[in-house]
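In what follows, a structure is listed as C-alpha cells, so that the remarks can point back to it.
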Protein chains: 2
Amino acid sequence: MATDDLMTRALEMVGDDGPLSVEVIHSLTDLADVHESMTIAEVADLLDITPHTLRYYERAGLVEVARDSQGHRVYDAAAVRRLVFLTRMRLSGMPMRDLQHYIALVDAGQDTVPERLDMLLEHRDIIRRRIRELTLSLAATEYKIATYGGSTGPDVAALDTAADL
Amino acid sequence: MATDDLMTRALEMVGDDGPLSVEVIHSLTDLADVHESMTIAEVADLLDITPHTLRYYERAGLVEVARDSQGHRVYDAAAVRRLVFLTRMRLSGMPMRDLQHYIALVDAGQDTVPERLDMLLEHRDIIRRRIRELTLSLAATEYKIATYGGSTGPDVAALDTAADL
DNA sequence: CTATGGCTTTGAGCGCGCGCGAACGCAAAC
DNA sequence: GTTTGCGTTCGCGCGCGCTCAAAGCCATAG
C-alpha cells in the first residue's frame, strides 16, 4: 500500500469539510504493512517515493540504513517510522535543510526536545498560513470560474480584475 | 501597498475559519492604487515581486509592456490586471508553462473560453487537493506537537509512529 | 547451462522550475 | 558629479531529486 493510497483514503475519510479525527491521523500512520527488514523497493512503495530518493535521504544524513550480506539496504521499523515522518514533513513543505537540522537534534538526545518542539510549532504556523493562502487563491479561482462567460454584464466586468482573461 | 499586505489584510478579514465573502475576494483585487502608467518598481511593489521577475514574465510572453521615450517600461491598467491574475495563479502553484498556455489562449480570442475554463477547473481541483493534503499534514504536526513530551506513557508512545523523533 | 531481465550497489553528473546576480550603459535628479 | 533608477544580456544558483554508467546477484526461461 503506497502512501499515496493512504493519503487518498484519508482524504476520502475526511471528506470535503469533515472534522479531522484521531482516527484519520492514525490511518495515515497505518503501519500494518510495516514489518521488520523491508527492502528499499518496499519502503519506496510504502512511501510513494522512488528508491533514488530514499538513497538521497540516506546520503543527506536523514536516516541510517543497515546492509545485508549482499550489501543491499535493510530498513528496520525505526528507519521506516523516521522516513514516514520525514516524507510527511517534506509533503507539507519543510525543506531538506530543516529536516537535516531536526534529525541532528533528534540524534543529539533528549536535551534538544524544546528546540524540536519550536521547529514543529513554527512549521505548524507555516502550514496554517499556506492553507489560508491557498484558500484565498481557491476562492479567487472559483470566483473567476463563476463569472467566466456567465453574466458578462458591465457590473460584473467592472468588478472582475481580469475581465479580459 | 504590496500584495503581501493585501494578503495579510485579507487573511485577517477571513480569520481562522471565517467564510469567504465576495468582499474578501474584492479586497484581493483592491485596485485603488492601480493607476494608468505604472513603473516597473510600482508594479513590483504592488505585487510583491521583484522587477526582475516582472521582466522575466514579460520575456516569457505572459504580458506585453509598452515603453516610454526613455525605453522604460510603462504598465497600463490592463497589464497590471493581467499580472495580478498571473501572480495569484503562481502563488497557488500554477506552473509557468500552464500560465503561458493560458495566456496564449487568451490572446487567441473568445473561441478559447471553454478551454480556459477547463484549465481553471482543473487548477481549482489541484488547489483543493493541496489544501486537503496540507490539512492532513497540519493535523499530523499538531498531533505530534500535542504528544511531544506530554504524556509519554506506553500507550501514546505505541500509537506515535515516530515516538523517537 | 547460458541468457535475459530485473533488482541492487556506488558515484558523478544532469535537469527542471523559477527566478536572481553581476556587469555594464544611459538618462534624469539631487 | 555622483547617485539613483532603469535598461539589457549572460550566466549562475538553489532545492530536489532523477539519470546514467558500470557492475554484481538472483530468478525464470529457453
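The values are calculated or read from the model by the stated rules, or taken from the named source; none is laboratory data. Just so it is clear, the model here is predicted, and its values are computed rather than measured. A quick note on method: Cβ atoms are made from the backbone with ideal geometry, for glycine too, and the neighbour counts reach across all protein chains shown. SASA here: full protein model, heavy atoms, side chains in, ligands and nucleic acids out. Shrake-Rupley method; radii C 1.70, N 1.55, O 1.52, S 1.80 Å.
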Worksheet item: So which of B:R97, B:R132, B:R124, B:R116 is part of a helix (DSSP H, G or I), within 16 Å of DNA strand D (Cβ to nearest atom) and on the phi < 0 side of the Ramachandran plot?
Response: B:R97
Practice prompt. Filter the range A:96-117 for residues that are within 11 Å of chain B (Cβ to nearest Cβ), closer than 11 Å to A:L62 by Cβ and open to solvent by 60 Å² or more (accessible area, probe 1.4 Å) and give the result.
Written response: A:D107
Worksheet, complete the sentence: In the range B:68-90, anything more than 16 Å from DNA strand D (Cβ to nearest atom) and either open to solvent by 70 Å² or more (accessible area, probe 1.4 Å) or charged (D, E, K, R) (or both) is listed as B:R81, B:R82, B:R88
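Inside the range A:49-58, can you point out the residues that are open to solvent by less than 60 Å² (accessible area, probe 1.4 Å) and either near DNA strand C (Cβ under 7 Å from one of its atoms) or at pLDDT below 90 (or both)? Working first, answer last.
Residues of the range A:49-58 open to solvent by less than 60 Å² (accessible area, probe 1.4 Å): A:49, A:51, A:53-54, A:57-58.
Correct list: A:P51 only.
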Fill in: Residues located in the range B:59-87, provided they are within 12 Å of DNA strand C (Cβ to nearest atom) and in a helix (DSSP H, G or I)
B:R59, B:L83, B:L86, B:T87
Discussion item. I need the full set of residues from the range A:85-105 which are touching a residue at least 12 places away in the same chain (Cβ under 8 Å) and closer than 18 Å to B:A146 by Cβ, in order please.
Written reply: A:R88, A:M89, A:S92, A:Y102
Fill in: Among the candidates B:L20, B:L11, residue that is on the phi < 0 side of the Ramachandran plot, open to solvent by 30 Å² or more (accessible area, probe 1.4 Å), modelled with pLDDT under 90 and within 13 Å of another protein chain (Cβ to nearest Cβ)
B:L20
Discussion item. Can you say whether B:R129 is facing another protein chain (nearest Cβ under 10 Å) and open to solvent by 80 Å² or more (accessible area, probe 1.4 Å), as far as the supplied structure shows?
Written reply: yes
Worksheet, complete the sentence: Only one of (1) more than 15 Å from the chain's Cα centre (by Cα); (2) within 13 Å of DNA strand D (Cβ to nearest atom); (3) touching a residue at least 24 places away in the same chain (Cβ under 8 Å); (4) crowded, with 21+ Cβ neighbours inside 10 Å does not apply to A:I40, and that is (4)
